[in-house]
Amino acid sequence: MLSVYTAAQQGSTKSQPPASHQVDSSSDSSTAQDSQPDRASDEESSSTTHRVDITPPKNDEKDHPFSSSAVDEAEPTSDVQEFHPWNPHLAAKNLEVGEFYLKRKNYKAAESRFREALVYKSDYALAKYRLGETLEKLGQVDEARVNYEGYLKILPQGPLSQDAHKALDRLSKPQSKNEKPK
């Protein structure tokens with residue numbers, strides 16, 4: 001049985017010329033183009049030539065009186081307002097650039113970068129901590145407190161948790177108007 005199969009296989013390969021003896025089809029392009037169908041008509045959409053009537057039937061409103069309210073109810077009222085892409089690499093890069101600005105005391109630029117890092121990774125604990133530091137430097141103590149608490153919520157025993165607790169204690173003490181945050 002195996003010999004019949006290999007003989008049939010050898011017979012089929014003998015009828016085809018080897019790859020080195022095949023005729024180059026690009027040399028006779030006029031016959032190749034004549035045999036192919038017109039590609040422009042294949043690529044066009046059929047909807048441009050055929051109009052489809054999508055109007056509802058004449059008695060649709062009578063037959064289905066509550067259909068419009070059912071469609072309105074079927075559309076979910078989602079609590080998701082906006083879609084933000086999750087990109088941890090871009091978040092890490094924004095954190096790195098924000099730390100650069102923070103070291104150079106460019107607090108507005110640092111704030112912008114830390115916020116952008118949180119757009120791409122909303123549970124980025126280090127970005128929350130650094131944003132808290134930056135906001136504290138800018139005098140926005142309430143928002144700084146929220147970010148320190150956010151860090152502790154994500155990493156309660158994290159490497160900066162003691163610093164976050166100290167910052168929360170520092171922010172909870174009333175400050176005199178002449179005293180600036182450290």
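The values are calculated or read from the model by the stated rules, or taken from the named source; none is laboratory data. Everything numeric in this text was worked out from a predicted model, so none of it was measured. Virtual Cβ from ideal backbone geometry, glycine too; neighbours counted across all protein chains shown.
A Cβ distance below 6 Å, combined with a sequence gap of six or more or placement on separate chains, defines the contacts here; from segment 118-137, residues that are farther than 28 Å from Pro174 by Cβ and free of Cβ contacts under 8 Å to residues at least 24 places away in the same chain reach no residue that is in a helix (DSSP H, G or I) and among the hydroxyl-bearing types (Ser, Thr, Tyr). Those helices (runs of 4 or more DSSP H) of segment 43-158 in which at least 1 residues are modelled with pLDDT of 95 or more, touching a Ser or Thr at 6+ places or on another chain (Cβ under 7 Å) and not hydrophobic (A, V, I, L, M, F, W, C), considering only elements entirely within it, cover 107-120.
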